[in-house]
Amino acid sequence: FTIEYVNAGAASAAGRRGDELVGRRVLDLFPDWVELGLLRAFAGVVEHQEPMVLERQHYETVSVTGSTVSGWWTLQVVPFEDGYLAVTRNETAAVRAEQELASARAEQERTRMAVELLQAACLPAELPRVDGLDIAVRYEPAQPEMPVGGDWYDVFELASGGGVGVVVADVAGHGSEAARTMVQVRNVV
């Protein structure tokens, strides 16, 4: 395959100027296309005259000029007149944004689980039984997306006088900082 035309975007994505690409053989420019299976994919279009679409293929190579070309590309190849038209789209920014979003969500979930464990460890496992008194608790977070944080309660029998102590605390905020402060408040109480 020999390149007959390339637009500025494709040249930039290849790490070269357009005049460095036009007239050159694809394998001379990108010898690792054989190993990556891209040459076979192109050959499949030639053999079957059917369009090919490769969505978001990861690609990393060192060009003949020594620059690293890395990212995710969508590649479409279709028969066109007496040749083939190949269109690439650099998906790198979109893929990296999706990866960062997934990473942020995973971090948020890890934080939520850690805070939830911390809060559960600080809340009483069971409430005391006191004659003549029914004791029950119900916990409803104000923010469903971060349902744990600085809320704490406890009920306990007082050592002197047979009374009952009730503590309800709500540290401002949510998440790990509020949970840490809540643990300090609990320890003080």
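The values are calculated or read from the model by the stated rules, or taken from the named source; none is laboratory data. Owing to the predicted nature of the structure, the values given are computational and were not obtained by experimental measurement. For neighbour counting, all protein chains shown are included, and Cβ atoms are generated from backbone atoms with ideal geometry for every residue, glycine included. Only protein heavy atoms, including side chains, enter the accessible area calculation; ligands, DNA and RNA are left aside. Shrake-Rupley method; radii C 1.70, N 1.55, O 1.52, S 1.80 Å.
Taking segment 71-113 as the region of interest, how many residues are in contact with a helix residue (DSSP H, G or I) (Cβ under 8 Å, 6 or more places away or on another chain), farther than 16 Å from Val45 by Cβ and open to solvent by less than 70 Å² (accessible area, probe 1.4 Å)? Break it down stepwise before answering.
If we filter segment 71-113 for residues that are in contact with a helix residue (DSSP H, G or I) (Cβ under 8 Å, 6 or more places away or on another chain), which is where we start, we get 71-73, 75, 77-79, 84, 86, 88, 90, 111.
From what's left, farther than 16 Å from Val45 by Cβ: 71-73, 90, 111.
With open to solvent by less than 70 Å² (accessible area, probe 1.4 Å) added as a condition, the list becomes 71-73, 111.
The number of residues fulfilling the criteria is 4.
Please note which helices (runs of 4 or more DSSP H) are completely contained in segment 1-110 and include at least 1 residues that are within 31 Å of the chain's Cα centre (by Cα) and charged (D, E, K, R).
Working: elements: 8-13, 26-29, 33-36, 38-48.
Helices (runs of 4 or more DSSP H) meeting the threshold: 33-36.
Hey, can you tell me all the residues within segment 1-27 that are open to solvent by 80 Å² or more (accessible area, probe 1.4 Å) and charged (D, E, K, R)?
Glu4, Arg17, Asp19, Arg24, Arg25
Provide a single number: the residues in segment 58-67 that are in contact (Cβ under 8 Å) with a residue 12 or more places away in the chain and open to solvent by 60 Å² or more (accessible area, probe 1.4 Å).
The first filter runs over segment 58-67 and keeps only residues in contact (Cβ under 8 Å) with a residue 12 or more places away in the chain, leaving 58-59, 61, 63-65, 67.
Narrowing the set further to residues that are open to solvent by 60 Å² or more (accessible area, probe 1.4 Å) leaves 58, 64-65.
Going through segment 58-67 one residue at a time, the tally reaches 3.
Select from segment 150-184 the residues that are closer than 26 Å to Arg129 by Cβ, open to solvent by 40 Å² or more (accessible area, probe 1.4 Å) and outside any strand (DSSP E or B) and list them in ascending order.
Result: Leu158, Ala159, Ser160, Gly161, Gly162.
Residues of segment 37-57 being over 17 Å from Asn90 (Cα atoms) and open to solvent by 40 Å² or more (accessible area, probe 1.4 Å), which ones? Spell out the reasoning first.
Within segment 37-57, the subset over 17 Å from Asn90 (Cα atoms) is 37, 39-51.
Of everything in segment 37-57, those that are over 17 Å from Asn90 (Cα atoms) and open to solvent by 40 Å² or more (accessible area, probe 1.4 Å) turn out to be Leu39, Arg40, Val46, Glu47, His48, Gln49, Glu50, Pro51.
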